[in-house]
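Below is one structure; the comments refer to it alone.
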Ligand code: G1P
């Protein structure tokens, strides 16, 4: 059962072992999580969102060809020395801020790509018996204002409800096949007490149009449930099926977050993120806006 003695959320799992086939050939020799949106790789957005929410232990579930992610969060001694000697303090600060001193990065390998549930299970030993977050870097999430990231909003609700929380948004009926879809009883404007969750249902059988975005806060009981599920959709060990097991024993809430999600697992979403984040960028925004206006769209 969910306990009221849960500590705060300080650990997060980032499943990053996926092949990124939808972005080939860009992802032939580099992880999709390293694709930049404006000037930062996708994974850094997710890590910054977790850090802002109070997470300090970042657990990356990696696979082959994912070394650049490890390199990105390492200290780059030669680069720092070169920037220091050149007196480029601003760039030095940018490089150093990638990994604040109080943030720990831990890497665990997912030897076989058996699904998202399996990836989360690979983090079990590192998470132990604490509640934890899961962030899918493909989903770039932007809060309504600085300091109001989606995971931070979820952590605040976790502090109140002490139970698993899934970020959800309304999706078009024809897109239910892309998401875990939830149904349940409304608790208030933004929270639902979930009583059903189905992975990627066809629109005709989807229990609602509320789709899970790539942000989860989960209690450790979910590990046992994932481990005991048969293979699900696509022959994969699904996180959604583990959560379906969990909600038979504990409360699970769906939270309609404030903010925006860009599906950077798709080329359209990735391009939209680049345009909107470039427009919002303090230095690049004004010039880029002028450029777009010049296109006469
Ligand atoms: C995964 C999950 C799905 C969730 C989605 C959010 O699917 O399995 O339940 O709704 O992420 O992005 P994927 O996009 O990895 O196929």
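Since every read-out is calculated from the coordinates, none of them should be taken as a lab result. These figures come from a predicted structure and were not determined experimentally. We place every Cβ from the backbone using ideal geometry, glycine too, and count neighbours over all the protein chains shown.
Here are some notes:
- With Cα atoms, 0 to 90° folded angle of helix 42-52 axis to the chain main axis: 70 degrees
- Percent of beta bridges antiparallel (DSSP, the chain, rounded to nearest 5): 60 percent
- Share, in percent, of DSSP beta bridges within the range 1-123 that are antiparallel, nearest 5: 15 percent
- Spin-label proximity, residue 95 to the range 59-80 - amide N less than 15 Å from point 7 Å beyond Cα toward beta carbon: 71-80
- Only helices enter this figure: runs of n ≥ 4 DSSP H residues, each worth -39500 (n - 2.57), summed and divided by the residues of the chain, yield -9000 deg cm²/dmol at 222 nm to the nearest 500.
- In the frame of its principal axes, the chain has Cα extents of 59, 47, 38 Å, reported largest first.
- Mean separation of Cα contacts under 8 Å, 6 or more apart, over the residue count of the chain: relative contact order %: 22 percent
- In terms of other Cβ atoms within 10 Å, 65, 118 run from fewest to most in the order 65, 118.
- Look at 126, 42 and count the other Cβ atoms within 10 Å of each Cβ; fewest to most, that gives 126, 42.
- The relative contact order of the range 6-125, computed from alpha carbon pairs under 8 Å that lie at least 6 residues apart in sequence, is 33 percent.
- Computed FRET value (nearest 0.05) for residue 196 with residue 86, which takes r as the C-beta separation and R₀ as 41 Å: 0.10
- Cα centroid of the range 118-166 to Cα centroid of the range 1-80, whole Å: 13 Å
- Theoretical gain in end-to-end length, residue 283 to residue 104 [0.36 nm per residue, Cα-Cα removed]: 61.4 nm
- Legend: calculated FRET efficiency, residue 271 to residue 5, from the Cβ-Cβ distance at R0 = 45 Å, rounded to 0.05, equals 0.50.
- Calculated FRET value between residue 26 and residue 70, using beta carbons and R₀ = 30 Å, to 0.05: 0.95
- Put in line by how crowded their Cβ is, counting other Cβ atoms within 10 Å and starting with the fewest, 19, 151 read 19, 151.
- In the chain, the longest principal axis of the Cα atoms and the axis of helix 267-280 are about 60 degrees apart.
- Helix axis angle, 150-161 relative to the chain longest principal axis, alpha carbon, degrees: 40 degrees
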